[in-house]
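Reviewing the structure listed below.
The values are calculated or read from the model by the stated rules, or taken from the named source; none is laboratory data. Predicted model only: the values in this text are computed from it and were never measured. So basically every Cβ, Gly included, is an ideal-geometry build from the backbone, and we count neighbours across all protein chains shown.
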Amino acid sequence: MHINPRTIQIFVMMTGLLIGLVSQAVAQEQELELEPESLKPGDVFSDCDNCPEMVVVPAGIFIMGFGGKTKREGPAHRVIVPKPFAIGRFEVTFDQWEACRIAGGCEHDPDDHEWGRGTRPVINVSYDKVENYVAWISETTGQRYYIPSEAEWEYAHRGGTTTAFPWGDEAGINLANCKDCKSKWSAHSTAPVGSFDPNPFGIYDTVANAFEWVADCWNPSHEGAPKTAVARTDGDCKKRVMRGGSFYYYKKVARSSYRAKNPANVWSYWLGFRVARVVQ
């Protein structure tokens, strides 16, 4: 049987094209399989071995502040959290800070007051030192980490609740580490992170243990506050807002809406931080 050479040539060309298309499709499928799944609310993850464990909190709307007699906590106002974001499940620890220091991202070696390092929240870090940590972890992971805004912090702290504390309007006994919370650390020292139950968003230690820096410049009230959960850049930016209370302060300071300030260049044994991260 005679086969036209031209037919053979066409057959070979078509076969080669088909093989090429199949190979391309397989490569694209493998590439898609390597891409991480989009993070969704409730997901818990860590971007590296020494990175903080993060949890994704949902978008939402909440009432920020308190409408009572305390001027600095009011007026209570509606805030929109337009999209999910991730926040540390725990306060950043001494171990995690040390990883930054060893890598050269953080020069400051904070004092632990002989309470222990490891998984206790890192303390004695000023706002500018915290910015160094955030810059280092962002560069190390290729992700956008940042100091949470005051609104993001309160939204995450409340975990969908509207009470003074995530579990109710009373501080209770041994539910957190504040001066009069009657835990074994109260009025004496910080506790290892995660020593108490998490809030409804799965976040630990938002009530007391260590005060936490947030990104906002200090304003004496919520008058003129943004309608979305962005940090305030007006006001006194030499002072930054702190949230959450600490082992050294009474329970009223650890309420969901309580606000305090500290000079940005000053650190203390009752002050630490947690980080937030953009999610896709």
query = If only one of Pro166, Pro121 is closer than 18 Å to Val214 by Cβ and buried (at least 23 other Cβ atoms within 10 Å of the Cβ), which one is it?
reply = Pro121
ask   = If you scan the stretch 240-267, which residues turn out to be in a loop (DSSP other than H, G, I, E, B), touching a strand residue (DSSP E or B) at 6+ places or on another chain (Cβ under 7 Å) and either within 16 Å of Lys182 (Cα to Cα) or not aliphatic (A, V, I, L, M) (or both)?
value = Gly244, Gly245, Ser246, Phe247, Arg255, Ser256, Arg259
Of the criteria (1) without any contact (Cβ under 8 Å) to a residue 60 or more places away in the chain; (2) out of contact with any Lys or Arg (no Cβ under 7 Å at 6 or more places or on another chain); (3) in a helix (DSSP H, G or I), which one Lys129 fails = (1)
message = Could you tell me how many of the residues in the stretch 133-159 are outside any helix (DSSP H, G or I) and either among the aromatic types (Phe, Trp, Tyr) or surrounded by fewer than 21 Cβ atoms within 10 Å (Cβ to Cβ) (or both)?
response = 6
inquiry  = On the basis of being of a type in the set (Asp, Glu) and either within 26 Å of Leu271 (Cβ to Cβ) or at pLDDT 95 or above (or both), does Glu91 make the cut?
reply    = yes
message = Contact list please: Cβ distance under 8 Å, first residue in the stretch 79-94 and of a type in the set (Phe, Trp, Tyr), second residue part of a strand (DSSP E or B) and crowded, with 22+ Cβ neighbours inside 10 Å, pairs at least six apart or on different chains.
response = Phe85/Val57; Phe85/Ala276; Phe85/Arg277; Phe90/Pro121; Phe94/Pro121
remark   = For the stretch 201-239 the number of residues that are of a type outside the set (Phe, Trp, Tyr) and part of a loop (DSSP other than H, G, I, E, B) is 23
task = Looking only at the stretch 216-242, count how many residues are crowded, with 23+ Cβ neighbours inside 10 Å and either closer than 20 Å to Val81 by Cβ or at pLDDT below 95 (or both).
result = 4
query = If you scan the stretch 61-117, which residues turn out to be loosely packed, with under 14 Cβ neighbours inside 10 Å and at positive phi?
reply = Gly104, His113, Glu114, Gly116
query = Within the bounds of the stretch 235-250, is there any residue that is polar (S, T, N, Q), under 26 Å from Glu53 (Cβ atoms) and within 21 Å of the chain's Cα centre (by Cα)?
reply = yes
